[in-house]
Amino acid sequence: MKIIAATNNKGKLMEIEEITRNLDIVVRSLSDEGIKVEFEETGTTFEENALIKARTVRSITNAPVLSDDSGLEVDALFGAPGVYTSRYAGEGATDDENIDKLLFAMKDVKNEKKRTARFVCALAYIDEKGEEHIYRGECEGRLTFERKGKDGMGYDPVFYYPPYKMTFAECSHEMKNAVSHRSAALKKFFEDVKIK
């Protein structure tokens with residue numbers, strides 16, 4: 001089964017490929033398919049943005065399309081950065097710039113129990129019949145006071161996952177993929193389309 005992932009984000013593609021490694025799925029990126037497109041993420045929810053991307057790619061190809069929109073929700077910041085996760089410090093911001101802004105915004109929250117946050121992933125899947133499906137996965141944790149770990153992407157160095165007693169940036173790829181928000185959403189997708 002071939003699915004086009006509506007992204008060229010290498011980190012996301014690597015996670016999807018690692019999670020689907022033992023399944024009967026071939027995941028192709030936009031660049032693999034020669035598709036050049038810009039997405040206008042104008043939605044106010046992760047689900048809306050995932051659908052925008054899936055519909056855009058589906059209008060170009062008739063293959064099944066899988067897209068995601070994901071990000072970080074921080075309770076003390078009333079759900080921010082939310083849909084602005086990748087551009088929290090402005091358009092084109094680096095991961096470090098986004099983390100710096102987040103840590104500054106949280107500087108007065110000294111109690112680690114009040115630094116709760118979650119990674120959220122909304123997957124949109126448009127199947128071969130053109131029917132749309134949405135799957136949501138979440139991973140609960142809390143924010144550290146400083147960066148820890150060298151691996152991962154985005155906010156991983158400041159996202160502490162209590163069951164592992166470490167940040168996502170300190171985890172192996174296998175450990176993170178076993179519990180991540182994207183993994184949780186993908187598992188729901190696999191169950192729904194009966195992929196074993």
Next on the checklist: Quick one: the Cα spread of the range 11-113 along its three principal axes, in angstroms, biggest first?
Outcome noted: 50, 32, 22
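Can you give me the convex hull volume of the Cα atoms of the range 2-192, divided per residue and expressed in Å³? The partial results should precede the final answer.
Details: hull volume 21.7 nm³, N = 191.
So the per-residue hull volume is 113 Å³.
Length gain on complete extension for the stretch residue 26 to residue 10, per 0.36 nm per residue less the alpha carbon to alpha carbon distance? The partial results should precede the final answer.
Numbers: separation 16, 0.36 × 16 = 5.76 nm, distance 1.57 nm.
Going from the current span to full extension adds 4.2 nm.
If R0 is 45 Å, what FRET efficiency do you get for residue 131 and residue 104 from their C-beta distance, rounded to 0.05? It would help to have the intermediate numbers written out before the result.
Details: r = 44 Å, r/R0 = 0.97.
The calculated FRET efficiency here is 0.55.
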Next on the checklist: How large is the direction-averaged shadow of the alpha-carbon convex hull of the range 54-142, in nm²?
Outcome noted: 6.8 nm²
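Counting only other residues whose beta carbon sits under 11 Å from that of residue 132, what net charge do I get with K and R as +1, D and E as -1?
0
If the limit is 32 Å between Cα atoms, which of 12/129; 53/113; 2/165 go over it?
Values: 12/129 25 Å; 53/113 36 Å; 2/165 37 Å.
With Cα atoms farther than 32 Å apart: 53/113; 2/165.
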Next on the checklist: So if I place +1 on the C-beta of Lys and Arg and -1 on the C-beta of Asp and Glu, and nothing else carries charge, what would the dipole magnitude of the range 116-196 be about its Cα centre? I want it in debye, nearest 20.
Outcome noted: 300 debye
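Based on DSSP H runs of at least 4 residues, each adding -39500 (n - 2.57), what is the mean residue ellipticity at 222 nm of the chain after dividing by all its residues, to the nearest 500 deg cm²/dmol? Walk me through the intermediate numbers first.
Details: 5 runs with 53 residues, N = 196.
Roughly -8000 deg cm²/dmol at 222 nm, from the helical runs in the chain.
In what order do 51, 123, 103, 13 fall by count of nearby beta-carbon atoms within 10 Å, going from fewest to most?
On the way: 51 21, 123 26, 103 15, 13 18.
Sorted ascending by nearby Cβ count, the order is 103, 13, 51, 123.
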Checklist entry - Label points 7 Å out from Cα along the Cβ direction at residue 55 and residue 112: separation in nm? => result 4.4 nm
Next on the checklist: On a straight-distance basis, which lysines could pair with residue 107 in a cross-link, Cα separation under 19 angstrom, same-chain partners fewer than 8 positions away excluded?
Outcome noted: 148
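Read the figures in this text as sums done on the coordinates, not as results from a lab. All values reported here derive from a predicted model rather than from experimental measurement. No Cβ is skipped: glycine too gets one built from the backbone with ideal geometry, and neighbour counts run over all protein chains shown.
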